[in-house]
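The values are calculated or read from the model by the stated rules, or taken from the named source; none is laboratory data. Owing to the predicted nature of the structure, the values given are computational and were not obtained by experimental measurement. Every residue, glycine as well, gets a Cβ built from its backbone with ideal geometry; the counts of neighbours run over all protein chains shown. In case anyone asks, the SASA skips ligands and DNA or RNA and just uses the protein heavy atoms, side chains included. Shrake-Rupley method; radii C 1.70, N 1.55, O 1.52, S 1.80 Å.
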Amino acid sequence: MTVILLPVAEAQQRLLALATERPIVELPLREAAGRWAARDIAAIRTQPASDLSAMDGYAIRFADMPGPWTVIGESAAGRPFPHAIEAGQATRIFTGAALPPGADTVLIQEEAGRDGATLTLTGEGPAHRGRNVRRRGLDFTAGDRLIAAGQRLTPARIAVAATGGHGTLPVRPRIRVAIAATGDELVPPGLGDPDALPESNGVMLAAMLADLPVDIIDLGILPDDLGRLRDAFAGVDADLLVTTGGASVGDHDLVQPALKAAGGSIDFWRIALRPGKPMMAGRLGETVVLSLPGNPVSAFVTATLFVRPLIAHMAGAADPFPAPIPAILGEDLPTNGPRIDYLRAAMIDGRVHAAAIQDSSMLLTLARSTCLVIRPPHAPAALVGDSAEILMLA
């Protein structure tokens with residue numbers, strides 16, 4: 001019987017559809033950092049709120065060039081000169097200070113001479129009206145959109161929100177992610193007989209999600225026992241349950257039957273992907289369930305393509321999927337098979353070199369990789385110097 005494998009792009013969209021929309025909460029700027037804006041963020045104030053000096057010097061009227069002027073006061077940031085200047089007058093001014101009414105230009109101090117209250121021009125002076133002035137609203141005006149809904153709240157966007165008058169921002173709540181490894185052969189890392197297999201997927205997944213707004217619930221290692229798996233799944237209180245191992249059809253692959261026994265359902269299973277074909281997705285009540293392969297490299301790739309994007313989507317990201325970028329191949333690649341392939345590779349001297357051996361059991365190869373080369377299904381052979389798409393790895 002022919003097994004139909006689900007294309008990656010279709011599986012990604014079906015996965016996002018499993019998630020339910022989450023409420024909006026308002027958080028202080030420091031706590032909102034790294035989240036995604038749940039609504040458009042518009043400026044409450046204009047920046048700058050008034051005409052400001054871009055240099056240290058003297059505020060003058062351009063019409064009074066080439067001087068001389070009488071200095072009648074001083075304007076500093078936060079301490080503006082309170083009166084208007086008139087013909088032939090000037091004020092000492094510092095970077096970021098408000099221009100006094102009547103002034104329209106700044107004469108920089110390097111081109112100014114001062115003798116008591118008398119100011120004279122010693123250089124070429126400003127070439128036009130408005131020189132060395134940051135006009136009111138140069139950056140933005142009240143009502144301008146500063147951040148679009150679904151954009152990530154990066155440090156720069158946090159700063160522009162603060163400058164725009166916001167002390168809090170609308171975001172989605174943190175995602176509760178339960179992580180469980182399955183398999184009788186596994187032992188906690190750092191413990192057990194040296195010949196036993198340390199469980200690495202749990203710590204790897206937690207590290208992969210560290211920059212996302214998640215609260216990790218560590219379910220540890222679950223045995224290959226249908227009843228215990230069922231009970232563990234039924235007791236999960238999380239927005240997302242991620243399991244590794246046991247999602248295929250072997251005698252000891254019990255995740256599917258355990259999920260169904262706990263009252264869950266399967267939406268899709270098996271992806272046209274290498275590595276990572278036996279991935280499964282479904283629901284258990286309000287919890288989205290993702291069952292990744294137990295092989296750590298396969299778990300890494302599927303987490304990159306599915307787990308991280310799902311969490312970003314649940315957290316409000318407008319475009320949650322990793323964006324491929326173009327690169328130049330540093331070596332030939334053979335014709336690809338019917339599944340999309342993600343090759344572990346490294347960028348060397350500006351070109352991408354895929355690892356010679358792509359066996360999905362080799363974690364050291366993954367650890368030495370800086371990117372994944374994307375090979376579409378049935379891609380023809382590629383030569384050195386050809387273009388390819390890659391996903392950069394953190």
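Here are the numbers for the structure shown:
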| item | result |
| --- | --- |
| Residue, nearest to Glu21 (Cα to Cα), within the range 143-190, restricted to residues that are assigned to a loop (DSSP other than H, G, I, E, B) and modelled with pLDDT under 95 | Gly183 |
| Check on Glu110, outside any loop (DSSP other than H, G, I, E, B) and surrounded by fewer than 14 Cβ atoms within 10 Å (Cβ to Cβ) | yes |
| The range 8-26: number of residues that are open to solvent by 30 Å² or more (accessible area, probe 1.4 Å) and either among the hydrophobic types (A, V, I, L, M, F, W, C) or touching a Leu at 6+ places or on another chain (Cβ under 9 Å) (or both) | 6 |
| Residues located in the range 307-324, provided they are surrounded by fewer than 17 Cβ atoms within 10 Å (Cβ to Cβ) and within 25 Å of Pro296 (Cβ to Cβ) | Pro322, Ala323, Pro324 |
| Check on Ile271, open to solvent by less than 60 Å² (accessible area, probe 1.4 Å) and under 29 Å from Arg344 (Cα atoms) | yes |
| Filter result (part of a strand (DSSP E or B) and open to solvent by less than 20 Å² (accessible area, probe 1.4 Å)) within the range 74-93 | Ser75, Ala76, Ala90, Thr91, Ile93 |
| Where Leu284 falls short, out of the listed (1) out of contact with any Cys (no Cβ under 9 Å at 6 or more places or on another chain); (2) loosely packed, with under 14 Cβ neighbours inside 10 Å | (2) |
| Residue under evaluation Gln47, criteria (1) open to solvent by less than 60 Å² (accessible area, probe 1.4 Å); (2) within 30 Å of Gly116 (Cα to Cα), criterion not met | (2) |
| Those residues of the range 236-255 which are out of contact with any Leu (no Cβ under 6 Å at 6 or more places or on another chain) and either of a type in the set (A, V, I, L, M, F, W, C) or modelled with pLDDT of 95 or more (or both), in sequence order | Val236, Asp237, Ala238, Asp239, Leu240, Leu241, Thr243, Ala247, Val249, Val255 |
| Test: residue in the range 191-204 that is of a type in the set (Gly, Ala, Ser), modelled with pLDDT of 95 or more, over 14 Å from Ile41 (Cα atoms) and in contact with an Asp or Glu (Cβ under 9 Å, 6 or more places away or on another chain) | yes |
| Number of positions in the range 137-160 that are buried (at least 16 other Cβ atoms within 10 Å of the Cβ) and basic (Lys, Arg) | 2 |
| Lone qualifier among Leu364, Leu333, Leu329 - being aliphatic (A, V, I, L, M), open to solvent by 60 Å² or more (accessible area, probe 1.4 Å) and over 15 Å from the mean Cα position of the chain (by Cα) | Leu364 |
| When residues of the range 113-136 are limited to those that are under 16 Å from Asp51 (Cβ atoms) and in a strand (DSSP E or B), the one most open to solvent (accessible area, probe 1.4 Å) | Arg134 |
| Selection status of Gly96, in a loop (DSSP other than H, G, I, E, B), over 30 Å from Leu310 (Cα atoms) and touching a helix residue (DSSP H, G or I) at 6+ places or on another chain (Cβ under 9 Å) | no |
| Restricting the range 209-249 to residues that are buried (at least 19 other Cβ atoms within 10 Å of the Cβ) and part of a helix (DSSP H, G or I), the residue that is nearest to the chain's Cα centre (by Cα) | Phe233 |
| Strands (runs of 3 or more DSSP E) wholly inside the range 288-394 that include at least 2 residues being more than 17 Å from Val8 (Cβ to Cβ) | 325-328, 340-348, 351-354, 387-392 |
